[in-house]
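Quick note: the coordinates plus some simple rules give every number you see, no bench work behind them. Note that this is a predicted model, so its numbers are computed, not measured. Here the Cβ positions follow ideal geometry from the backbone for every residue, glycine too, while neighbour counts run over all protein chains shown.
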Amino acid sequence: MAQTASIAAKQFATFLSDSENGIAPAVSKLAADSGIALAAIPPGQIISQNVPAAIAERAAAVKYPVVHVYSNRVRNSLTEKFRKFSGKIQTVAEVRVSQDRMEGLEDQTRLYVDAVTQVLDSNRGSWGQGMFYAGGYEVAFEPVQQGGKNLMQVARVTFEVDLSS
């Protein structure tokens, strides 16, 4: 079950890290289109781990913006009766943006979320290893809080991946 929970998150982190179709080219295009300066998100800032921001900052030096990708729910509904697992993996891409001023923080967070959803949109269909992404997602924005470089905003993009193994 543990491997099942992480397989979709690791695959999506791979998609985000792709140099041609990942988050880096999506961010640079959105920055150019919107006229808002956005820092790049290199592959080292795409982390396959579910860890609260406060603990992540105490454990290691964190560079912002950062994307945490993890699975938070696995549902084995046995839709295919003779499979070991056939169900849905709920996966989350959590975007964390931090800076020392309130101005522009929410705009930057929304653009980074747009980049994540563009990567999702471009990877609809089969993900290999029995995984299939149909295309739906939900975005939730948290209010700006203390953290990071003084102020931080977190947004979660939640989606489900069908898995049959």
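Summary of values
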| read-out | value |
| --- | --- |
| Test for Asp114: is it under 15 Å from the mean Cα position of the chain (by Cα) and either exposed (fewer than 14 other Cβ atoms within 10 Å of the Cβ) or under 29 Å from Glu20 (Cβ atoms) (or both) | yes |
| Counted residues, region 1-27 - those being among the hydroxyl-bearing types (Ser, Thr, Tyr), surrounded by fewer than 18 Cβ atoms within 10 Å (Cβ to Cβ) and out of contact with any Leu (no Cβ under 8 Å at 6 or more places or on another chain) | 2 |
| Some residue of region 112-124 being among the small types (Gly, Ala, Ser), under 23 Å from Thr14 (Cβ atoms) and not in a strand (DSSP E or B) | yes |
| Looking only at region 65-101, and only at residues there that are assigned to a strand (DSSP E or B) and polar (S, T, N, Q), the one that is surrounded by the most Cβ atoms within 10 Å (Cβ to Cβ) | Thr91 |
| Tally of residues being assigned to a loop (DSSP other than H, G, I, E, B) and in contact (Cβ under 8 Å) with a residue 60 or more places away in the chain across region 139-163 | 0 |
| Residues located in region 28-54, provided they are over 21 Å from Thr91 (Cα atoms) and in a helix (DSSP H, G or I) | Ser28, Lys29, Leu30, Ala31, Ala32, Asp33, Ser34, Ala54 |
